[in-house]
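Participant: So that we are looking at the same thing, I have put the structure below in structure tokens.
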């Protein structure tokens, strides 16, 4: 149990950063399909999404089947940048994966690449600290000096 304690802060950081990277990978996958084979339909905004940040829950129909999605409003088109629940807005969905949709067409597959690179860099160090807390690549969360630091 004692060897787990120095790993705990790094494990929490690694899990948090890993979850962020997972969400970004899922977003890139969805953006890929929306940029590859998207088609436009009309969505009705149902309510504000629980997460806030200008996201809304909406419904749309493709080939007689109803889908529910969540997205930010279409900030690219001034006509739809202020829509509210009850309003209609264009929705872009993937023909091959109709459940993938956004209220705007994504500009790129991977968005925020510099942030992703920094997070991957930090994730590397967090994982190194979980594997070997005393590694020179690991984060050091200890308040005490190591014995090899005192000798120098």
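Participant: What number of residues in segment 93-119 are in a loop (DSSP other than H, G, I, E, B) and farther than 24 Å from residue 79 by Cβ? Let's see the steps before the verdict.
Facilitator: Taking segment 93-119 as the starting set, the residues that turn out to be in a loop (DSSP other than H, G, I, E, B) are 95-100, 103-112.
Now restrict to residues that are farther than 24 Å from residue 79 by Cβ: 95-99, 109-110, 112.
Final tally of qualifying residues: 8.
Participant: Failed condition for residue 71, given (1) modelled with pLDDT of 90 or more; (2) more than 30 Å from residue 132 (Cβ to Cβ); (3) loosely packed, with under 14 Cβ neighbours inside 10 Å, with all others met?
Facilitator: The one condition residue 71 does not meet is (3).
Participant: Go through 90, 85 for me and flag whichever is in contact with a strand residue (DSSP E or B) (Cβ under 7 Å, 6 or more places away or on another chain), in a strand (DSSP E or B) and over 17 Å from residue 32 (Cβ atoms).
Facilitator: 90
Participant: Can you tell me which residues in segment 27-56 are assigned to a loop (DSSP other than H, G, I, E, B), more than 15 Å from the chain's Cα centre (by Cα) and over 19 Å from residue 106 (Cβ atoms)?
Facilitator: Within segment 27-56, just 50 meets the criteria.
Participant: Further, regarding this structure: Any idea which of (1) crowded, with 16+ Cβ neighbours inside 10 Å; (2) assigned to a strand (DSSP E or B) is the one residue 59 doesn't satisfy?
Facilitator: (1)
Participant: Scan segment 81-101 and give yes if some residue there is touching a residue at least 60 places away in the same chain (Cβ under 8 Å) and closer than 30 Å to residue 9 by Cβ, otherwise no. Spell out how you get there, then give the answer.
Facilitator: Our first condition is that a residue be touching a residue at least 60 places away in the same chain (Cβ under 8 Å); within segment 81-101, this holds for 94, 96-97, 100-101.
With closer than 30 Å to residue 9 by Cβ added as a condition, the list becomes none.
No.
Participant: Something else now. Which of (1) surrounded by 11 or more Cβ atoms within 10 Å (Cβ to Cβ); (2) modelled with pLDDT of 85 or more; (3) more than 25 Å from the chain's Cα centre (by Cα) does residue 141 not meet, given it meets every other one?
Facilitator: The one condition residue 141 does not meet is (2).
Participant: Is it the case, given these coordinates, that residue 24 is touching a residue at least 12 places away in the same chain (Cβ under 8 Å) and exposed (fewer than 15 other Cβ atoms within 10 Å of the Cβ)?
Facilitator: Values: touching a residue at least 12 places away in the same chain (Cβ under 8 Å): yes; exposed (fewer than 15 other Cβ atoms within 10 Å of the Cβ): no.
Against the criterion (touching a residue at least 12 places away in the same chain (Cβ under 8 Å) and exposed (fewer than 15 other Cβ atoms within 10 Å of the Cβ)), residue 24 does not qualify.
Participant: Filter segment 62-80 down to the residues that are more than 22 Å from the chain's Cα centre (by Cα) and either outside any loop (DSSP other than H, G, I, E, B) or at negative phi (or both) and list them by number.
Facilitator: 62, 65, 66, 77, 78, 79, 80
Participant: Continuing with this model, one more query. Using the structure shown, decide if residue 110 is touching a helix residue (DSSP H, G or I) at 6+ places or on another chain (Cβ under 6 Å), surrounded by fewer than 17 Cβ atoms within 10 Å (Cβ to Cβ) and at pLDDT below 90.
Facilitator: Taking the combined requirement at face value, the residue satisfies it.
Participant: For residue 41, are the conditions met, namely being under 30 Å from residue 124 (Cα atoms) and touching a residue at least 12 places away in the same chain (Cβ under 8 Å)?
Facilitator: no
The values are calculated or read from the model by the stated rules, or taken from the named source; none is laboratory data. Predicted model, so just to flag it, every value in this text is computed and none were measured. Here Cβ is always computed from backbone atoms with ideal geometry, including for glycine, and neighbour counts include all displayed protein chains.
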